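Below is one structure, written out as structure tokens; the observations come after it.
Any read-out appearing in this document is the output of simple, stated calculations on the displayed coordinates, not a laboratory observation. The model shown is predicted, which means the values in this text are computed figures rather than measured ones. For neighbour counting, all protein chains shown are included, and Cβ atoms are generated from backbone atoms with ideal geometry for every residue, glycine included.
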Amino acid sequence: MSLYKRPLGAGSMVAGAAIGIAVLVFGVSSLRAEANSALTPPPPMPVAVIAADYDAGLHVEDLYPGIVAARRETALGFERAGRIDSLLVDVGDTVSAGDVLARLDTRALDAQIAAADAQTAEAAAQTALAEDTQNRQAQLLARGHISQQRYDEVATSTRAAQARQNAAAAAADALRVQRDLTVLTAPFDGVITARLADEGAIAQPGQPLLDLVEAGSLEVRVGLPRDVANRLDTEAVHAFITDRGRIQGQFRSATGVVDRQSRTVTVLFDLSETSGVAAGEVIRLSLAAPMEQAGFWVPTQALAEGRRGLWSVYVLVRQDGDRHVLQARPVETLRVEADRAFVRGAVESGELILASGLQRVTPGQSVVPSQTEARAQ
């Protein structure tokens with residue numbers, strides 16, 4: 001058997017070479033197509049914009065919260081200790097000045113007053129006897145039957161008896177005052193807001209038993225910056241915003257002292273009885289805050305933080321057709337509110353500003369306006 005191999009023919013070699021060339025051409029075409037697709041710029045990104053609309057000046061209102069309180073509020077209690085005999089009011093009751101609110105048990109005190117009256121009567125009898133004796137001694141002195149020394153001793157005894165009578169009467173009066181203090185009355189018209197004890201309890205001197213809040217006379221305390229407080233006119237009427245609308249309050253006084261913690265001055269306003277607010281309610285003082293500098297409003301999400309604490313906005317600069325390029329422009333914030341800011345800077349009136357979505361774009365990026373938002377309100 002012969003081991004000799006037959007050499008490949010020229011036709012086979014040519015076919016193999018043709019296949020290799022075809023593969024190479026296909027690969028080069030694919031790479032060229034990928035390169036061309038990579039060089040093709042992406043389409044402009046649609047963005048929401050807002051037009052810069054300048055105002056010659058800013059006229060807004062600043063709101064300062066304040067707490068409504070009664071002009072007078074007190075915790076009522078007895079000046080002396082004793083057992084509570086009766087409490088005549090409860091929480092929510094409306095009382096008038098002089099109304100009896102509570103009483104203490106006075107049986108022991110009445111007995112002390114009776115004893116004091118008896119001592120006063122005894123002293124009065126001794127005084128009467130001393131006066132009669134002095135009158136008789138005066139007659140004897142006139143006749144020369146007694147010495148002046150004897151008469152002076154009798155007169156001194158009379159004055160001492162009178163002093164003892166006065167002391168006894170004063171002690172009885174003091175006990176009567178103590179009995180008067182066992183009746184607790186309302187010092188002014190108001191509403192009972194708390195009842196802290198019941199009948200039978202032992203009240204201690206000064207222990208609060210009832211809380212009384214004056215009805216009708218309300219005030220509101222507002223903390224204002226010192227320069228704002230100094231601009232308020234005496235007895236001027238100002239507007240307050242409540243949950244039920246606007247009410248009027250009259251400026252009464254200001255402390256003039258800056259609080260160490262809040263750095264504000266406390267200002268007091270009187271509210272009318274028909275204001276419809278209640279003590280403890282939070283309302284807001286409305287004060288006009290004019291600003292003569294020109295600027296325009298933008299949403300807060302349109303502000304981009306720049307270098308060194310500055311702010312900027314992205315302005316759409318037209319290139320061709322509807323295609324625009326983002327350009328960062330520095331601005332100065334004149335006033336910042338919850339969802340908008342009043343700014344001024346290198347932006348012309350009517351230029352389009354990126355309204356939102358700053359995190360999705362970069363300066364120089366190609367964009368196209370898709371939605372023009374209304375002016376920031």
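Taking Cβ atoms as reference points and 11 Å as the exclusive limit, the residues near residue 346 contribute a net charge of -1, counting Lys and Arg as +1 and Asp and Glu as -1. Any chance you could give the angle, 0 to 90 degrees and rounded to 10, that helix 107-143 forms with the longest Cα principal axis of the chain? The answer is roughly 40 degrees. In the chain, taking the dipole from charged Cβ atoms about the Cα centre, the farthest positive-side position among 118, 306, 239 is held by 306.
Its Cα gyration tensor gives segment 40-142 an equivalent ellipsoid, and the semi-axes of that ellipsoid, as √(5λ) in whole Å with the largest first, are 87, 24, 11.
Neighbouring Cβ atoms within 10 Å as the yardstick, rank 193, 255, 274 fewest first.
274, 255, 193
Shape summary: segment 106-180 maps onto an equivalent ellipsoid whose semi-axes, from the alpha-carbon gyration tensor, are 36, 9, 6 Å in decreasing order. Fewest-first ordering of 353, 283, 247 by other beta carbons within 10 Å of each residue's beta carbon gives 247, 353, 283. Positive-end ranking of 146, 128, 104 along the dipole of segment 104-152, with charges on Cβ about the Cα centre, is headed by 146. P(r) for segment 238-377, from all Cα pairs and a bin width of 5 Å, is 2, 8, 14, 15, 12, 10, 9, 9, 8, 7, 4, 2, 1, 0 %, short bins first.
Please identify every one of the GluC sites (Glu not before Pro) in segment 245-313 that sits in a loop by DSSP and has no more than 11 other beta carbons within 10 Å of its own beta carbon. Hits after loop and neighbour filter: 273, 292. Exposed loop sites are taken as trypsin sites (Lys or Arg not before Pro) in a DSSP loop (any state but H, G, I, E or B) with at most 11 other beta carbon atoms within 10 Å; the longest stretch of the chain without one runs 6-230. When the helices of the chain are scored as -39500 (n - 2.57) per DSSP H run of n ≥ 4 and the total is divided over every residue, the value at 222 nm lands at -10000 deg cm²/dmol. Contact order for segment 106-180, expressed relative to its length and based on alpha carbon pairs under 8 Å spaced 6+ residues apart, stands at 52 percent.
Taking every alpha-carbon pair under 8 Å whose residues sit at least 6 apart, the chain reaches a relative contact order of 26 percent. Can you give the % of DSSP beta bridges in the chain that are antiparallel, to the nearest 5? Bridges in the chain are about 95 percent antiparallel.
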